[in-house]
Amino acid sequence: MCSLCGVLGGNEHWADAVARPGVYTRNVERIDRRRERANRVRIANAMLARFGLTISDWQGASFVLSTRTGKSEIIEDLGHLWPAAERLCGRACDPLDPALIDAAEAAIDD
Amino acid sequence: MTEPQVPLLTPINLLTGFLGSGKTTLLARLLADPALSDAAVLINEFGEVGLDHHLVERIDDTMVLLQSGCLCCTVRGELADAIKDLHSKRERGLVPPFRRIVVESTGLADPFPVLSTIKSDPVLRHHFRPGNVITTVDAVNGPGQLGTYVESNRQVAVADRLVVTKADLTPAADIASLGEKLRTINPDAPLLTATDPSFVVADLVDENLSLRAAALQSTSGFYCEAPVQLATAGGAAHQSAVTSFVMTVERAIDWTAFGIWLTMLLNRHGEKVLRVKGILNIAGEERPVAIHGVQHLVHTPVHMERWPDEDRRSHIVFIVDGLDVGLLKRSFEAFALDQSPVETAAVPKRSLQEHQSFS
């Protein structure tokens, strides 16, 4: 547990479990690990932008999810991403929302 | 003396099936089978299974040891407590070191909460993992139950092994049509017949992924490339609206983008996604990754040894309850595939730096 913020560690989420460089490692391959996290942040941001949210890496250990007004929440792994995102933006983040899909499809076509 | 090895994570198999579908009969057979000699079986009532002639030793009032070496316990109250008690007794050496747990669920139960308990309990999840879900389907009453009860459909949908019971009481043609019906709900779980001479108990708990993969990629093609809408016994659209379909993806999938999309889907619609399973071609991976999820719960992905054949496309089977299949496919295409350009220049261009430092 982090003594500063009281975040309990060691919660393995299934999305973290594919063995590729930078995923399992803690003490070695630091560059790979940071690159992997940066990649996750990049992909998550592309999705979260649709809800006016951004995510950033926090000390290589957690992620900080923020709204445009600065309301923020620390999340441990991607398993906590969506419940937190819904709390922050105050609406359902539904991947099956037709309007959301339409917008994404239009963006791909461009 | 070498102590028998206890696995790092003990698999927990769930035996489910509708009321009167032959769970207990199958269980009585399992208890006597050498394949389960290293198992602990959690049942509802001792009396139902009729253990007396198998009984070797009574450990306490909820636990007995059988001739086959199998440990048999009744569940009183919470299942999680019963499993923790077993774990504690094993650690203290009070019971034989079992390597597997089989849980019999009640006939009307949705199997999901049991799996969820194993994954979320802070003690259990470090010592146990979900194994195969075995669902019994009665060949006589099964078709009627599937047409009437949502629970029955859900039990079939989450199964890893489907066991058809009472097949000896039913004409072969009816069994074939039951088989087809089961295939529309659950396209890839191996279908076993309890009365078949070739039926082997060990097959039920065997977690050979290739069996699943082989069924998924069988040469007869996909069982449900087109969405299948279930009908009731009367032919009308089923109220439970369980639909299964396969998505085939040509390009390699970015694991993170897929993970973010699937967690988003399960966060919103988890209870309607009865099953997600498939073989994924992950970008940057030589070997395929098998994923396997039941409702909100996704099992730890497994790297398979090799691709089953030349086909390198990803195949994902979805079994959903009342979700719009068209929207789900569009959503997958739009969000689960990483659309942003890959940053090939993540590593600084050293040649430029070197050039500058020398100039």
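Every number here is computed from the coordinates shown, using simple stated rules; none is lab data. On a predicted model such as this, the values are computed, not experimentally measured, just so you know. Cβ placement follows ideal geometry from the backbone for every residue including glycine, while neighbour counts extend to all protein chains displayed.
Miscellaneous remarks
- Average beta-carbon neighbours from other chains, 10 Å sphere, peptide A:91-98: 6
- Ellipsoid semi-axes in whole angstrom, largest first, where each is sqrt(5λ) of the Cα gyration tensor of the range B:228-336: 26, 15, 13
- Mean projected area of the Cα convex hull of the range B:92-149, taken over all directions, amounts to 5.7 nm².
- Charge tally in the Cβ shell below 13 Å around residue A:93, where Lys, Arg are +1 and Asp, Glu are -1, residue A:93 excluded: +1
- Centroid-to-centroid separation of the range A:62-95 and the range B:115-154 [C-alpha atoms, Å]: 32
- The fewest-to-most ranking of B:160, A:110, B:81 by surrounding Cβ atoms within 10 Å reads A:110, B:81, B:160.
- Compactness of the range B:125-189 as Cα Rg over 2.2 N^0.38 Å, two decimals: 1.21
- Amide H within-cut-off set for residue B:282, under 5 Å, with H built and near neighbours excluded: B:253, B:289
- Environment charge at residue B:145 (Cβ cut-off 10 Å; Lys +1, Arg +1, Asp -1, Glu -1): -2
- Close amide H contacts of residue B:15 (hydrogens built in the peptide plane, cut-off under 5 Å, sequence separation of 5 or more or a different chain): B:103, B:104, B:105, B:134.
- Ranked B:256, B:24, B:300, criterion: other C-beta atoms within 10 Å, fewest first: B:300, B:24, B:256
- Listing B:119, B:84 from fewest to most neighbouring C-beta atoms within 10 Å gives B:84, B:119.
- Entries in B:119/B:277; B:119/B:272; B:181/B:277; B:84/B:166 that, when Cα-Cα distance is taken, lie over 23 Å: B:84/B:166
- For A:40-53, mean number of other protein chain Cβ atoms within 10 Å: 3
- With a Förster radius of 41 Å applied to the beta-carbon distance between residue A:49 and residue B:123, the computed FRET efficiency rounds to 0.55.
- HN-Hα J in Hz across the range A:58-64 - Karplus 6.51, -1.76, 1.60, θ = phi - 60°, x for Gly and Pro: 10, 6, x, 10, 9, 10, 10
- With contacts taken as Cα pairs under 8 Å at a separation of at least 6 residues, the range B:228-336 carries a relative contact order of 34 percent.
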